[in-house]
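Engineer: Shown below is the structure under consideration.
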Amino acid sequence: MANYGIPYMGSKCSVAHKICSVFPKADNFYDLFGGGFSITHFMLLHRRNNYKQFHFNEIQSGNIELIKAAIDGKYNYNVFKPPFITREEFLRDKDTCPYTRILWSFGNNQRTYIFGKNIESYKESMHNAVVFNIFDDVSVQALGISTFPKNSSIKARRSFMRQAVMENVGDVERLMQLQQLQQLERLQNLQNLQNLEQLNFSTLSYEKVKIKPNSIIYCDPPYRGVTEYLNVFDHDKFWEWVMDHSDPVYVSEYAAPKNVHVIMAVNKKARLAATGDTHSVEKMFANDAGRKAMNG
């Protein structure tokens, strides 16, 4: 499965193909709650010819800072050797560094540190072995070697680590995986985007974005009644905006007011489940203009 956008809580990466299949052609495509960039990334790769301009809006300016840096190649392993971020460093820097806040938080929730205290030291040992070829007793025992070949890539070392830990340690293989390095590869995927004259960024509240004529609008707002994001969100005000809008608006949510049209159900894996993988059924909703646009 292709990876779209940056690692992000509530990311639509795994269902982007299904969501984007409902959008009619237009001059402009707006992603008003852009979050982790997965939908806009998918559209740029697979539906670029259907729109003249793409507008990515995300009120958290740090997201756009991280996305732009990734597109520019800042996180390519050839130029970026990621240091291990400790719990103390995360708490110190998360409010000023989007890379730390997003990639080094649990489930990318941007609030809590990625690792539990009981496994943090193990993760650091393995990280340093894979990224910097620096081994200690923990990594030697887990990997069965004391050094990697000098010219081996970080990606190759990660692959070796997964196999070695599974063979040597067995049931704690999940304990030893380096999620933060796997997520870093998501950032590297963005550097493959080319010819971005069509792409525009903004950091406004959704209702303040100026919508151009002949546009399609997609919204993935914070869901009512589930994990809160960084900002408090007025759901009632949002749905009034959707229903009053003259342009086609499509919304991902679990539920909506009765006079909003359900156009599709989307089965999505829950990333933050504490007791294993679970699935939830989200829905795609449309206002009157959105339903009419789909019907031609």
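Engineer: Restricting attention to segment 194-204, and to residues there that are modelled with pLDDT of 95 or more and assigned to a loop (DSSP other than H, G, I, E, B), which single residue is nearest to HIS245 (Cα to Cα)?
Structural biologist: Looking at the filtered set, the residue picked out is LEU204.
Engineer: Of the conditions (1) open to solvent by 10 Å² or more (accessible area, probe 1.4 Å); (2) part of a helix (DSSP H, G or I); (3) in contact with a Ser or Thr (Cβ under 8 Å, 6 or more places away or on another chain); (4) modelled with pLDDT under 95, ILE59 satisfies every one except a single condition; which number is it?
Structural biologist: (2) is the only condition that ILE59 fails.
Engineer: Scan segment 163-186 residue by residue and report those that are within 16 Å of VAL138 (Cβ to Cβ), open to solvent by 20 Å² or more (accessible area, probe 1.4 Å), part of a helix (DSSP H, G or I) and at pLDDT 60 or above.
Structural biologist: ASN168
So that you can scan it fast, the table gives a plain yes or no per residue for (1) open to solvent by 20 Å² or more (accessible area, probe 1.4 Å); (2) more than 20 Å from ILE71 (Cα to Cα):
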position	(1), (2)
TYR4	yes, no
ALA16	no, no
PHE23	no, yes
PHE29	no, no
PHE33	yes, no
PHE37	no, no
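Engineer: Among SER159, SER121, which is the only one that is open to solvent by 40 Å² or more (accessible area, probe 1.4 Å), assigned to a helix (DSSP H, G or I) and modelled with pLDDT of 90 or more?
Structural biologist: After applying the criteria, what remains is SER121.
Engineer: On the basis of being modelled with pLDDT of 95 or more and not basic (Lys, Arg), does PHE80 make the cut?
Structural biologist: no
Engineer: Moving on to the next point. Tally up the residues in segment 136-156 that are assigned to a loop (DSSP other than H, G, I, E, B) and open to solvent by 40 Å² or more (accessible area, probe 1.4 Å), please.
Structural biologist: Total meeting the criteria: 9.
Engineer: Among the residues in segment 208-227, are any in a loop (DSSP other than H, G, I, E, B), at pLDDT below 80 and within 16 Å of the chain's Cα centre (by Cα)?
Structural biologist: For segment 208-227, residues in a loop (DSSP other than H, G, I, E, B), at pLDDT below 80 and within 16 Å of the chain's Cα centre (by Cα): present.
Engineer: Quick one: in segment 40-55, which of the residues that are among the aliphatic types (A, V, I, L, M) and over 19 Å from GLU65 (Cβ atoms) is surrounded by the fewest Cβ atoms within 10 Å (Cβ to Cβ)? Outline the logic, then answer.
Structural biologist: Just the residues of segment 40-55 that are among the aliphatic types (A, V, I, L, M), to begin with: 43-45.
From the residues that got through so far, the ones that are over 19 Å from GLU65 (Cβ atoms) too are 43, 45.
Numbers: MET43: 25, LEU45: 14.
Among residues in segment 40-55 that are among the aliphatic types (A, V, I, L, M) and over 19 Å from GLU65 (Cβ atoms), the one surrounded by the fewest Cβ atoms within 10 Å (Cβ to Cβ) is LEU45.
Engineer: Against the conditions (1) open to solvent by 80 Å² or more (accessible area, probe 1.4 Å); (2) at pLDDT 90 or above, where does ASP277 fall short? Just the number, please.
Structural biologist: (2)
Engineer: Return the residues of segment 84-98 that are open to solvent by 20 Å² or more (accessible area, probe 1.4 Å) and part of a helix (DSSP H, G or I); say none if nothing qualifies.
Structural biologist: ARG87, GLU88, GLU89, LEU91, ARG92, ASP93
The values are calculated or read from the model by the stated rules, or taken from the named source; none is laboratory data. Bear in mind the structure is a predicted one, so any value in this text is a computation, not a measurement. Here Cβ is always computed from backbone atoms with ideal geometry, including for glycine, and neighbour counts include all displayed protein chains. Just the protein is used for accessible areas: all its heavy atoms, side chains included, with ligands, DNA and RNA removed. Shrake-Rupley method; radii C 1.70, N 1.55, O 1.52, S 1.80 Å.
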